[in-house]
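The values are calculated or read from the model by the stated rules, or taken from the named source; none is laboratory data. Since we're looking at a predicted model, the values are computed, not measured. For neighbour counting, all protein chains shown are included, and Cβ atoms are generated from backbone atoms with ideal geometry for every residue, glycine included. Accessible surface is based on the protein model in full, side chains and every heavy atom, while ligands, DNA and RNA are left aside. Shrake-Rupley method; radii C 1.70, N 1.55, O 1.52, S 1.80 Å.
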Amino acid sequence: MTTPRPVTSPRPLTERTALLPLPFQATHHLPIKWVAQVKSTLGEAVRALPAVILGLLLNILDGISYGMIIFPATGVFMDLGTMGVSMFFVSTLVSQIIYSAGASGFAGANGSMMIEVVPFFHIIATSIARNIGEEQPREIVATTLVAFAFSSVLTGFTFFVLGFFRLGSLVGFFPRHILVGCIGGVGVFLIITGFNVSTRLQDDEFSLSLDTLFFFLRAHNLALWVPALALAVFLRVVTSRWHHQLILPTYFLIIPVVFYLVVLSAGFDMNTLRRDGWLFAVARSEEKWYRFYTYFDFSKIKWGPLWATLPTQLALLFFNILHPPLNVPALAVSLDSDVDTNRELIAHGFSNLLAGIVGTVPNYLVYVNTLLFYRLGGTTRLSGFMLAGATLAVLLAGTGPIAYIPVMVVSALIFVLGIDLVKEALWDTRHRVSKPEYITIASIMVAMTVWDFVIGVLFGIIVSCLFFVVQNSQRRSIRVMHTGETTLSTVRRPSAHRGYLREVSRQTTVLHLQGFLFFGTITRVEETIRALVSEPAWVRAPIRFLLLDFTLVLGVDLSAAEAFVRVQRLLSGRKVVLVICGTGDGKVLKALTSVGLLDLPDVELFVTFNDAMEWTENVYLRAWFDSNGMETKPVALPGRQDSVRMDLQESLPHTPRRAQLRDAGWRNIAIGRSFSALAAAIEPYNTLEQAFSPYVTDRAILEQLAPYFERIAVPEGHVLWKQGDTADGLYVIGAGVLRATYRFAAHTPAIEESMVPGTLAGELSGLAGLARNATVVVERSAVLWRLGGDALCRLEAERPELARKFTALVLKAAKLDFDILLSALATRQ
């Protein structure tokens, strides 16, 4: 008897397939994913077809128009127009493959031969032919092709270096109007080329003469070039009103159709049309696209004539490297895309190096073509490869169809680009650039047309330099000029000292300089200083110090530095001290040191403007105290302690400067110190009297306040408090010097304020009981009189009226102190 098998459910599909060999497992799932991927790719390709067709049409139009004129239409180059077309398409194909392979950040980037370099190629080819001689045609062509390829290698290497070292932004420093002038010169060249192509005039036969004009005005020649020029002008009229991307290719597809309809309806003979210049007289209509490679014979290269083209190669390179750093950011803005310019430069480096290796001409990313390509759906790398494939198909088809293209189509295309470039250079810039820049643009175009492109570029650079010197010479190098009374230093001084300094600081003249000081701008600075010490100005307002602030000066050339030496000698004759500040430790200081200015007598150097003003004020104060001896104890002055000696007693009646110091001292300091000998011996009365004497009428108030203050002696370097600390009262400085440091923001320089005897410290935060707004350090050992928080509360409780009057005195003194501090903030460079 057979035991029945248990009934089991079938295994799941995934479990059954897991038992199969690995290849069978893969084939079970792969077709589904593969079909989905294929469908997605096909859909993407279909969506990109309109963009690919447009890109191919633009490449064909550009290739026929500008490839035909790569070689000059003269001498041994006469029959090389179709070879130029092949070189155009090879360069375009190389760039398109490189960009689409991921080198460019633009997925749908369109590459093409660099059209604007054609004039330079004509100069190179003509130079080589002239140096070798027309009797050696193979040598001429071989050397010319190597020169063209070398220009690609040179361009590619430069692009790669700029991108690799992230130097793309350097191109932005080059004057834009010189590039515009060069573009305008290319436009004039293309317009002239349009006339030459239309009338089959050789390049070496063209000249700016009446004979050439009469040649173009012949009836037959008029019939050849007038329709082409009219077609170009009409297209520009149409595109100025309607801005659709298909207008240009459609327009130039219609022209051959209309042309052949007329030919067929009239029964014209094709050979006759070709002989009369309506069609291209192509000798070998079946030539292969790789024909130009047959001319690469290194045994026939003439290296001497090749190296003779190096100046033109450098001018071509200069012109080449200006385009991508300008086109790439503009395209990124138009496409709302964030692209690294340096990456694009590296991509241009690869594409041009490869173009040079395969023996063709330079290329670049075309702004207009790429923009139109994106707008029609060419936004992927697949679309770029599709365009490369279509371009390859056109290249492989050969140049035979060129024999059937109407000449007016090519001429009209050349006229269109030429008119656009001239319009961009002359018309579009008329209200956007200054007159000197516009003159530079026009002069570059004239120089390129009358002589050649290398001379035009050099002429433009020279003219720009001249205009730059002239324009910068007209700029103000003196930002502002004033006397010292308008901007005192941030030192807190007794009011009597401040009153004295406000008067005598009129003898300090301050010049805040700016910009780059060179031979063109220093003249006005020197003239201004000479005017200050001229006899009429000296009689009216003699000066003691001339303070030059270099904080906003970017640099000083040799001529300007030597001018300051001349100025110092002039000032020394008037016994005026030259005070210099704000030079930093860079090239400005180096320039002044190189001519020995800082080693001359009566020249003082300071780091900041405030330090310089503080020093001049100390000199004025020390001159008064040394000459009168009215102080019973040495006067503490902050900052640098050395100073020039000013004897006020010697020849006093004969010196207006000394008389002014003497009179100001008597009016302010001497009267302020006329208190009793008893009071002078009592502290803290003496210190309180020195701090509040301008604001108090009843001296008894100070005597009543004295018991509430306590004496504190602090050593040099002691941190009295830090910014943000809780206030412990207010201080009146009896002796020594304190220095406060204010930090108002994280990324702004600190403001420093010195405080000398007879001034207040921490008064507002002490009265308000708020956090300290500065860090205070003892700069020189000090004796302080503190009114602590507890003492202030006791004063308010015991003598409320006295406390109110004291608060009023503190606010009046603080108001003047903070006016000085705010002035320093407002004038800080």
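Key figures
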{"read-out": "Region 681-806: C-alpha gyration tensor shape, a/c 1.5 cut-off, then a/b vs b/c", "value": "prolate"}
{"read-out": "Amide H within-cut-off set for Phe709, under 5 Å, with H built and near neighbours excluded", "value": "none"}
{"read-out": "Contact order normalised by residue count of region 327-383, Cα under 8 Å, 6+ apart, percent", "value": "31"}
{"read-out": "Stretchable slack from Val258 to Asp819, in nm (0.36 nm times residue separation minus alpha-carbon distance)", "value": "193.6 nm"}
{"read-out": "Rg to Rh, two decimals, where region 95-204 supplies the alpha carbon set and Rh follows Kirkwood", "value": "1.03"}
{"read-out": "At R0 = 41 Å, FRET efficiency that the Cβ-Cβ distance of Val539 and Thr807 yields, to 0.05", "value": "0.25"}
{"read-out": "Partners for Lys288 among lysines (Cα-Cα distance below 25 Å; same-chain residues under 8 apart left out)", "value": "Lys300"}
{"read-out": "For region 234-364, the Rg and Dmax computed from alpha carbons only, in angstrom", "value": "22.0, 57"}
{"read-out": "Order of exposure, largest accessible area first, which applies to Arg524, Arg786, Arg241 with probe 1.4 Å", "value": "Arg241, Arg524, Arg786"}
{"read-out": "Whole-Hz ³J(HN,Hα) from phi, Karplus 6.51 cos²θ - 1.76 cosθ + 1.60, for region 308-315, glycine and proline x", "value": "5, 7, 4, x, 5, 4, 5, 5"}
{"read-out": "Kirkwood estimate for region 707-762, i.e. one over the average of 1/r between Cα atoms, Å", "value": "12.9"}
{"read-out": "Met78 accessible area, 1.4 Å probe, all protein chains in place, Å² to nearest 10", "value": "80"}
{"read-out": "Size-normalised alpha-carbon gyration radius of region 286-360, reference 2.2 N^0.38 Å", "value": "1.53"}
{"read-out": "Translational D in µm²/s for region 480-583 (Stokes-Einstein at 20 °C, 1.002 mPa s, Kirkwood Rh from C-alpha pairs)", "value": "147"}
{"read-out": "Amide H contacts under 5 Å for Arg492, placed H, 5+ residues apart", "value": "Ser754, Met755, Val756"}
{"read-out": "Percent accessible area from carbon and sulfur atoms, the chain, protein chains only, probe 1.4 Å", "value": "63"}
{"read-out": "Relative contact order %, region 193-253, counting alpha carbon pairs below 8 Å whose residues are six or more apart", "value": "28"}
{"read-out": "Where a label projected 7 Å from the Cα of Leu213 along Cα→Cβ would reach, residues of region 433-458 with amide N under 19 Å", "value": "446-447, 449-451"}
{"read-out": "In nm, spacing of pseudo-spin labels at Arg130 and Gln37 (7 Å Cα→C-beta vector)", "value": "5.9"}
{"read-out": "Paired Rg and Dmax values of region 309-457, which use every Cα atom, in angstrom", "value": "18.5, 51"}
{"read-out": "Rotationally averaged projected area of region 388-483 (alpha carbon convex hull; nm²)", "value": "11.7"}
{"read-out": "Full-extension gain in nm, Thr748 to Ala700, via 0.36 nm per residue minus C-alpha separation", "value": "12.8 nm"}
{"read-out": "Listed residues Phe744, Phe318 arranged by accessible area, highest first, probe 1.4 Å", "value": "Phe744, Phe318"}
{"read-out": "With 5 Å bins from 0: P(r) over region 319-367, alpha-carbon pairs, percent", "value": "5, 21, 28, 22, 13, 7, 3, 0"}
{"read-out": "Global form of region 461-510, assessed from the alpha-carbon gyration tensor, a/c cut-off 1.5", "value": "prolate"}
{"read-out": "Distance in nm between pseudo-label sites at Asp338 and Glu526 (7 Å out along the Cβ direction from Cα)", "value": "5.2"}
{"read-out": "Crossing angle, helix 609-628 versus the chain [Cα axis fit, 0-90 degrees, rounded to tens]", "value": "20"}
{"read-out": "Distance between modelled label sites at Lys288 and Met481, nm, 7 Å Cα→Cβ extension", "value": "8.0"}
{"read-out": "About the Cα centre, charge dipole magnitude for region 470-628 (Lys/Arg +1, Asp/Glu -1 at Cβ), debye", "value": "380"}
{"read-out": "Debye, to nearest 20: dipole size of the chain, +1 on Lys, Arg Cβ, -1 on Asp, Glu Cβ", "value": "980"}
{"read-out": "Extension gain (nm, one decimal) between Asp602 and Asp585, 0.36 nm per residue minus Cα-Cα", "value": "4.0 nm"}
{"read-out": "Over 15 Å [Cα-Cα, region 335-419], rounded percent", "value": "76"}
{"read-out": "Cross-link partners of Lys302 among aspartates and glutamates (Cα-Cα below 16 Å; sequence separation of 8 or more within a chain)", "value": "Glu134, Glu135, Glu139"}
{"read-out": "Helix axis angle, 176-199 relative to the chain longest principal axis, alpha carbon, degrees", "value": "20"}
{"read-out": "Student exercise, region 423-561 dipole from Lys, Arg, Asp, Glu Cβ charges, in Debye to nearest 20", "value": "760"}
{"read-out": "For the chain: accessible area per residue (Å², 1.4 Å)", "value": "47"}
{"read-out": "By accessible area with a 1.4 Å probe, ligands and nucleic acids excluded, highest first: order of Leu210, Leu201", "value": "Leu210, Leu201"}
{"read-out": "Cut-off under 5 Å, modelled amide H: who pairs with Thr551 long-range", "value": "Leu513"}
{"read-out": "Nearest 10 degrees, 0 to 90: helix 558-573 Cα axis against the chain principal axis", "value": "20"}
{"read-out": "Rounded D (µm²/s) - the chain, Kirkwood Rh over Cα pairs, Stokes-Einstein at 37 °C, 0.692 mPa s", "value": "95"}
{"read-out": "For region 69-78, Karplus couplings with θ = phi - 60° (6.51, -1.76, 1.60), whole Hz, Gly/Pro x", "value": "10, 4, 9, x, 7, 7, x, 5, 8, 4"}
{"read-out": "Radius of gyration and maximum dimension Dmax of region 436-535, Cα, Å", "value": "23.2, 76"}
{"read-out": "For region 757-829, fraction of C-alpha pairs farther apart than 14 Å, in %", "value": "70"}
{"read-out": "Phi to ³J(HN,Hα) by Karplus 6.51 cos²θ - 1.76 cosθ + 1.60 over region 122-138, Hz, x for Gly, Pro", "value": "5, 5, 4, 5, 5, 5, 5, 4, 5, 6, 8, x, 5, 6, 10, x, 5"}
